[in-house]
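A short worksheet on the structure shown next.
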Amino acid sequence: MTDRIVYIGRVYDLFAQRRPARVKIKTTRFGELEVDKKDIIEFTEGLLGFENLKKFFVVDPGDQTLILWLQSTDDAATAFPIIEPKIFQPNYMIKLLPLELNSLNLENLNNASVYTILTIPQNVTEMSANLKAPIIINNKSKTARQIVLQDSKLEVRFKMYMDLKKYIVNFASDDSKRTNVAQASKENSIAVVSTNSIQANNEQQNKNNKVAEAE
């Protein structure tokens, strides 16, 4: 049985409704990307310093840095390098207040993803992560917040280059963890990110770090 029919000169896909709706989004770093609508994350309060931008999605450039990008759907030039803090800081723990959990419709963090925003200067060995104000994403509802944690011991500029480097070396040498990434087609035009391009948004992120420190 075919899954396509022709009716009055038009072709209909019988299974079209089963496939995720996709939208095309233009970005400065990665060209035009097709994104499933279900993968778009909504920040009801925006990000620190970017309160006017509400919707983002995560881009995996497919390189070995393990760094992802939080790309705005509304501003092609705005994207933040992010990473899971457990990668370079296995003991990283966060505690959210009941009000903060409720704002994300979460009972706990079991159904959430946690990322930290990176600041990567020209000298990448000075790379740092904002552990004080992580991004929390409700994986089911795709709502998210950047929350300034109450723990005074957490650093806004945690130097983590060497820890990340050690993890990458171990990750790359372990065949059980290695993931084969197919080269992106020209249609998708997903670019591999160079260390030079990671410098974008760092000036604004430094300002955001100062806000987190003040709070």
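Examine region 85-94 for a residue that is at pLDDT 95 or above and in contact with a Pro (Cβ under 8 Å, 6 or more places away or on another chain), and state whether such a residue exists.
For region 85-94, residues at pLDDT 95 or above and in contact with a Pro (Cβ under 8 Å, 6 or more places away or on another chain): present.
Sort out which residues of region 65-93 are assigned to a loop (DSSP other than H, G, I, E, B), within 25 Å of E51 (Cβ to Cβ) and touching a residue at least 60 places away in the same chain (Cβ under 8 Å), and write them in order of number. Full working, then the answer.
Filtering region 65-93 for residues assigned to a loop (DSSP other than H, G, I, E, B) gives 65-67, 73-78, 84, 89-93.
Add one more test, that the residue is within 25 Å of E51 (Cβ to Cβ), and what stays is 67, 73-78, 84.
Across region 65-93, the qualifying residues are I67, A77, T78.
For S152, state whether it is of a type outside the set (A, V, I, L, M), over 23 Å from P61 (Cβ atoms), over 18 Å from the mean Cα position of the chain (by Cα) and modelled with pLDDT under 95.
yes
Can you tell me how many residues within region 23-57 are buried (at least 17 other Cβ atoms within 10 Å of the Cβ), free of Cβ contacts under 8 Å to residues at least 60 places away in the same chain and aliphatic (A, V, I, L, M)?
Residues that pass the stated criteria total 2.
Hey, could you check region 66-77 for residues that are of a type outside the set (G, A, S) and crowded, with 17+ Cβ neighbours inside 10 Å and say which is farthest from E34 (Cα to Cα)?
Among them, the one singled out is I67.
Would region 124-144 turn up any residue that is part of a loop (DSSP other than H, G, I, E, B), acidic (D, E) and either exposed (fewer than 15 other Cβ atoms within 10 Å of the Cβ) or free of Cβ contacts under 8 Å to residues at least 12 places away in the same chain (or both)?
No, region 124-144 has no match at all.
Do the conditions hold for T143, that is, is it under 21 Å from the mean Cα position of the chain (by Cα) and farther than 16 Å from L48 by Cβ?
Criteria met by T143.
Of the residues L101, L96, only one is surrounded by 13 or more Cβ atoms within 10 Å (Cβ to Cβ), free of Cβ contacts under 8 Å to residues at least 24 places away in the same chain and among the aliphatic types (A, V, I, L, M); which?
Testing whether each residue is surrounded by 13 or more Cβ atoms within 10 Å (Cβ to Cβ), free of Cβ contacts under 8 Å to residues at least 24 places away in the same chain and among the aliphatic types (A, V, I, L, M) leaves just L101.
The values are calculated or read from the model by the stated rules, or taken from the named source; none is laboratory data. All values reported here derive from a predicted model rather than from experimental measurement. Virtual Cβ from ideal backbone geometry, glycine too; neighbours counted across all protein chains shown.
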